[in-house]
Amino acid sequence: MKPAAEKIWDWLEQVPDPEIPVISVVDLGIVRDVAWDGDTLEVAVTPTYSGCPATRVISMDIETALHDRGVQDIRIRTQISPPWTTDWLSEKGRAKLIEYGIAPPQPAGGGGPEACPRCDSRDVERISQFGSTPCKAQWRCRDCLEPFDYFKCI
Amino acid sequence: MSDVDQSQLFEFLCRMGDNTLVLGHRVSEWCGHAPVLEEDIALANTALDLIGQTQMWLGLAGEVEDKSRSADDLAMLRDVWDFRNVLLVEQPNGDFGQTMMRQFLFDAWHLAMLKALTGSCDDRIAAIAAKSVKEVQYHVERSGDTVVGLGDGTSESHRRMQKALDLLWPYVGEMFVADAVDEAMAKAGVAPDPATLRDAFDARVEAVLTDATLTIPDGGFAHKGGKTGFQHSEHLGHLLTQMQWLQRAYPGATW
């Protein structure tokens, strides 16, 4: 059985990111390609940050999800070029992030978040350039006073 | 590409990977000890980026060497004399200011180097550089800001930052001195002649240190011997006893 690539993409849409489970690995933009090589399904995955500890878990989750749907022979290929950018986050993913309390990234190289993901205030300040995962920074809203995560825009 | 001496290419890749490995380990020593939680997280994240980059550099070094050594093998099974990192990155953490000064001086060189490597004629090297440069751009912004904040801070923080700069400045020169390996890489278009990175480095460092109200020490003396492997400082051996402890105590242990 060799399901079509579109079907595989649909399945991968349901694999959550282990650290931000409201979005899928596809929403995060790290699945770059899905293709059959003979009887082997090759999935190209791009790491967000080179040392991100979730990368290995993500590969395992992808393999498990595809195994569960009957794909036997899977190869995960780590593809570092072109490097991952937050511009690859899907629109659907961005909306889900706000709902979850994480401010989505501005275009790569951009400055601060557009608004507080909780109260939508524009009056926000940076606490730290780094945050709870390699891909995020810590910010705070001066109106509702809640701290929140913001994607580093790379 | 075919005319590049593979043993020299291996040497060059070890230099890149050992710099990030040794500094990554040094920075990780702060985990749980930094002055405030945000700094602790920032240092841990920086260390994580550097260790991730190490996997790519040493992974490629192992491929080029073609003796079935993985990145882990190279990191955990070599002893001091086989390491090719510059002396700067193996220097002890000292206080938080000294750690950030070391980070800034390395980041400023690292960014210039990686930018140049994105144009390497070796696609594998250009790809690793393109991935790393985004992370290192972020590192240098933070380490530069912190050097300014502490240098132009209280009289105590200023005194400590000047002391850190005086201590570490003699380790800067090594990053820009070329040897036969660098010359071969430059000739083949694999990597820049390190001397060509000096202007970009000086421009950034002088701007930040001026904002930080710090004075660059006189004199061009440079400690050397790390990247060629001729002689490391005594600190690297102690670092390796910690970093490689598990493999030394339980050879061949795996998860």
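I need a count of the residues in the range B:40-52 that are over 14 Å from residue A:48 (Cβ atoms) and either within 7 Å of chain A (Cβ to nearest Cβ) or within 13 Å of the chain's Cα centre (by Cα) (or both). Even if it seems obvious, please write down each step before you answer.
From the range B:40-52, those over 14 Å from residue A:48 (Cβ atoms) are B:40-44, B:46-47, B:50-51; that's our starting set.
Remaining after also requiring either within 7 Å of chain A (Cβ to nearest Cβ) or within 13 Å of the chain's Cα centre (by Cα) (or both): B:41-42, B:46-47, B:50-51.
Summing the residues that are over 14 Å from residue A:48 (Cβ atoms) and either within 7 Å of chain A (Cβ to nearest Cβ) or within 13 Å of the chain's Cα centre (by Cα) (or both) in the range B:40-52 gives 6.
Please count how many residues of the range A:72-120 are in contact (Cβ under 8 Å) with a residue 40 or more places away in the chain and at positive phi.
The number of residues fulfilling the criteria is 2.
Out of (1) of a type in the set (Gly, Ala, Ser); (2) within 14 Å of chain B (Cβ to nearest Cβ); (3) in contact with a strand residue (DSSP E or B) (Cβ under 9 Å, 6 or more places away or on another chain), the odd one out for residue A:54 is which?
With (1) of a type in the set (Gly, Ala, Ser); (2) within 14 Å of chain B (Cβ to nearest Cβ); (3) in contact with a strand residue (DSSP E or B) (Cβ under 9 Å, 6 or more places away or on another chain) applied to residue A:54, the lone miss is (3).
Looking for whichever is surrounded by 24 or more Cβ atoms within 10 Å (Cβ to Cβ) and either part of a helix (DSSP H, G or I) or within 14 Å of chain A (Cβ to nearest Cβ) (or both) here; the options are B:126, B:112. Which one fits? Steps first, answer last, please.
On the way: B:126 fails: surrounded by 24 or more Cβ atoms within 10 Å (Cβ to Cβ).
The match here is B:112.
For residues in the range A:81-122 being acidic (Asp, Glu) and assigned to a loop (DSSP other than H, G, I, E, B), which is nearest to the other protein chains (Cβ to nearest Cβ)? First the steps, then the outcome.
Initial filter on the range A:81-122 (acidic (Asp, Glu)): A:87, A:91, A:99, A:114, A:120.
With assigned to a loop (DSSP other than H, G, I, E, B) added as a condition, the list becomes A:114, A:120.
On the way: A:114: 20, A:120: 25 Å.
Looking at the filtered set, the residue picked out is A:114.
Which of the residues that make up the range A:136-147 are within 14 Å of chain B (Cβ to nearest Cβ) and buried (at least 20 other Cβ atoms within 10 Å of the Cβ)? Let's see the steps before the verdict.
We begin by selecting, within the range A:136-147, every residue within 14 Å of chain B (Cβ to nearest Cβ); these are A:136-140, A:147.
Across the range A:136-147, the qualifying residues are A:136, A:137, A:139.
Please name all residue pairs, on different chains or six or more residues apart, with Cβ atoms under 7 Å, provided the first residue is in the range B:24-48 and is in a helix (DSSP H, G or I) and the second residue is aromatic (Phe, Trp, Tyr).
These pairs meet every condition: B:40/B:30; B:41/A:130; B:42/A:130; B:43/B:30; B:45/A:130.
Out of all the residues in the range B:177-198, which are in contact with a helix residue (DSSP H, G or I) (Cβ under 9 Å, 6 or more places away or on another chain) and free of Cβ contacts under 8 Å to residues at least 60 places away in the same chain? Don't jump to the end; show me each part of the working.
Step one: list which residues in the range B:177-198 are in contact with a helix residue (DSSP H, G or I) (Cβ under 9 Å, 6 or more places away or on another chain), which gives B:177-178, B:180-182, B:184-186, B:188, B:190-198.
If the condition is that a residue be in contact with a helix residue (DSSP H, G or I) (Cβ under 9 Å, 6 or more places away or on another chain) and free of Cβ contacts under 8 Å to residues at least 60 places away in the same chain, then B:177, B:178, B:186, B:193, B:195, B:198 are the ones that fit.
Restricting to the range B:220-255, name every residue that is hydroxyl-bearing (Ser, Thr, Tyr) and in contact with a helix residue (DSSP H, G or I) (Cβ under 9 Å, 6 or more places away or on another chain).
If we filter the range B:220-255 for residues that are hydroxyl-bearing (Ser, Thr, Tyr), which is where we start, we get B:228, B:233, B:241, B:250, B:254.
The answer is B:228, B:233, B:241.
In the range B:6-47, how many are more than 20 Å from residue B:232 (Cα to Cα) and buried (at least 23 other Cβ atoms within 10 Å of the Cβ)?
Going through the range B:6-47 one residue at a time, the tally reaches 5.
Have a look at A:53, A:47, A:107 and point out the one that is closer than 29 Å to residue B:137 by Cβ, crowded, with 19+ Cβ neighbours inside 10 Å and at pLDDT below 95. Can you show your working first?
Values: A:53 fails: crowded, with 19+ Cβ neighbours inside 10 Å; A:107 fails: crowded, with 19+ Cβ neighbours inside 10 Å.
After applying the criteria, what remains is A:47.
Quick grid of which residues meet (1) surrounded by 18 or more Cβ atoms within 10 Å (Cβ to Cβ); (2) under 13 Å from the mean Cα position of the chain (by Cα); (3) in contact (Cβ under 8 Å) with a residue 40 or more places away in the chain:
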position: B:54; (1), (2), (3): yes, yes, no
position: B:58; (1), (2), (3): yes, no, yes
position: B:61; (1), (2), (3): yes, no, yes
position: B:66; (1), (2), (3): no, no, yes
position: B:74; (1), (2), (3): yes, no, yes
position: B:91; (1), (2), (3): yes, yes, yes
position: B:101; (1), (2), (3): yes, yes, yes
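Among residues belonging to the range A:60-80 that are more than 24 Å from residue B:59 (Cβ to Cβ) and in a helix (DSSP H, G or I), point out the one that is nearest to the other protein chains (Cβ to nearest Cβ).
Of everything passing the filter in the range A:60-80, A:64 is nearest to the other protein chains (Cβ to nearest Cβ).
Against the condition surrounded by 13 or more Cβ atoms within 10 Å (Cβ to Cβ), part of a strand (DSSP E or B) and modelled with pLDDT under 95, how does residue A:127 come out, does it pass? Let's see the steps before the verdict.
Working: surrounded by 13 or more Cβ atoms within 10 Å (Cβ to Cβ): yes; part of a strand (DSSP E or B): yes; modelled with pLDDT under 95: yes.
It is true that residue A:127 is surrounded by 13 or more Cβ atoms within 10 Å (Cβ to Cβ), part of a strand (DSSP E or B) and modelled with pLDDT under 95.
Test of understanding: among B:140, B:190, B:147, B:181, which residue is hydrophobic (A, V, I, L, M, F, W, C), buried (at least 20 other Cβ atoms within 10 Å of the Cβ) and either at pLDDT below 95 or not in a helix (DSSP H, G or I) (or both)?
Step by step, each of B:140, B:190, B:147, B:181 is checked, and only B:190 is hydrophobic (A, V, I, L, M, F, W, C), buried (at least 20 other Cβ atoms within 10 Å of the Cβ) and either at pLDDT below 95 or not in a helix (DSSP H, G or I) (or both).
Scanning for something buried (at least 16 other Cβ atoms within 10 Å of the Cβ) and more than 30 Å from residue B:121 (Cβ to Cβ), does the range B:194-202 turn up at least one residue?
Among the residues of the range B:194-202, not one is buried (at least 16 other Cβ atoms within 10 Å of the Cβ) and more than 30 Å from residue B:121 (Cβ to Cβ), which makes the answer no.
The values are calculated or read from the model by the stated rules, or taken from the named source; none is laboratory data. Note that the structure is a prediction, hence the values are computed from the model and not measured. A quick note on method: Cβ atoms are made from the backbone with ideal geometry, for glycine too, and the neighbour counts reach across all protein chains shown.
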